[in-house]
Every structure is written in structure tokens, then in C-alpha cells.
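Presented below is the structure to which this report refers.
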Amino acid sequence: MRQAGCPSAPLNRRDALSRAAVSVALLALSGCERRSAEAPFQSIDVSGAEWGRDFRLQDADGRTVQLADFRGRCVLLFFGFTRCPDVCPTALSRAAAVMQRLGAQATKLQVIFVTVDPERDTPAVLREYTRAFHPSFIGLYADLATTASTAKAFKVFYQKVPTGGSYTMDHTATSYVFDPTGRLRLAVRHEQDAASLAADVARLLEAGS
Ligand SMILES: [Cu+2]
């Protein structure tokens, strides 16, 4: 009865059945949660993480910047490089859209772009780049060793990829959100939309400092 050349059919069926079972279980779970607690964040909740505690980097004016400078506000942190063709512009455009959605609360969110390419992203380049997305965004940099240790502390991977006579950078596309007390709370997938990210940030702001 089963056709030769279609060996995956039984596997698919089993897969579909187990997926249905999982869905039912998840539905039951979410029903419970809705009664007892708030809905989960749309971003990945990394509250209590032992990593990503702080950074010490330079801003475009050469001032040392660390997380404590933003107490009382949420921080959206992203690592990238200004010559990035796609991922960084997308992430920063989304951050700008989040600002717009936050409305009056937008002053309570600081967006920070950390370059993983400090050799080419000079302070002037960084300033011009971040301001093109939103006047309040800031770009931070460090020497190569500090850049590497900071990225590692945030579980961010990056590496140079040669392109003919030049190079581009591969890098992690995750953004991070800190709450107003300076604790790392959320990891944001590159694919997540501005609306759900804005809702998550608003919730952290409402929870207070
Ligand atoms: Cu990028």
C-alpha cells in the first residue's frame, strides 16, 4: 500500500502526532499561567543571567560609559559595525520604530550600538551612523582587546571575513534589553518585530526602577 520512494511518510505522521500532543500540553500550560501570572515576554527572558553584567566603553566624545550611567532607564544594546549591509541597519531601524511606539516613554529607553569593527568605526563615523537612525542613539567603541572581552561577556560572536582586498564582519544579531535597575532581562531575536519589542520594553519600564 505504501509507495516506494515515500519512506518519510510514517515519520511525518508520527511527528505530526507528537507535535499535536505538545500543542495540547502547551495550551494547558498557558491557560494556567494566564490565571496566575502575567503573559511571558515576547523576547527571550534571560533574567538572572550570570553574564552580560556591565561594560566599560568609550562614546564618540571619548567619555567612558558604563551601564550605571543609564540607571532609571531601559537600555537596548546591540553589537555591530557601520558598514554592515543588512543586519545592523535592520536592527537599528527596528530600534527607531520602538522609540516611535513608546511615545512619551521613549526618553526612558537608551539605544546603544557597540562596534565590533573599531578599526574602521571611528568616533566620528559612529556618531554619524547612529544619529542617522535616531538622534538619541549612541555608538560606543573600545580597543580591540576590550571589544573582544566585552562581546564575549555578552555571548556575542564576531569575526572578520575577507572580501577581496577588504573585509566584512560576521556577528551575532541578538539585541539585549536591560531594565531600569541595570539588570540584563531580555535577549531579542533579530526576527522579532518592533511592536512586540516595544511592548516588552514598556512592561519593564512600568515595572519600575
Ligand atoms: Cu551588522
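The values are calculated or read from the model by the stated rules, or taken from the named source; none is laboratory data. Just so we're clear, the structure is a prediction, and the values are computed from it rather than from any experiment. A quick note on method: Cβ atoms are made from the backbone with ideal geometry, for glycine too, and the neighbour counts reach across all protein chains shown.
If you take just the strands (runs of 3 or more DSSP E) that sit entirely in segment 2-121, which of them hold at least 1 residues that are within 16 Å of the ligand (Cβ to nearest atom) and at pLDDT 95 or above?
By residue number, 74-80, 109-115.
What single numbered condition from (1) in a loop (DSSP other than H, G, I, E, B); (2) without any contact (Cβ under 8 Å) to a residue 24 or more places away in the chain; (3) surrounded by 13 or more Cβ atoms within 10 Å (Cβ to Cβ) fails to hold for residue 135?
All conditions are met except number (3).
Taking segment 174-203, which residues are surrounded by fewer than 16 Cβ atoms within 10 Å (Cβ to Cβ) and under 14 Å from residue 99 (Cβ atoms)?
Selection gives 195 alone.
Do any strands (runs of 3 or more DSSP E) lying entirely in segment 162-202 carry at least 2 residues that are away from the ligand (no atom under 16 Å from the Cβ) and at pLDDT 95 or above, and which ones are they?
Where strands (runs of 3 or more DSSP E) fall fully within segment 162-202 and carry at least 2 residues being away from the ligand (no atom under 16 Å from the Cβ) and at pLDDT 95 or above, they are 175-178, 184-188.
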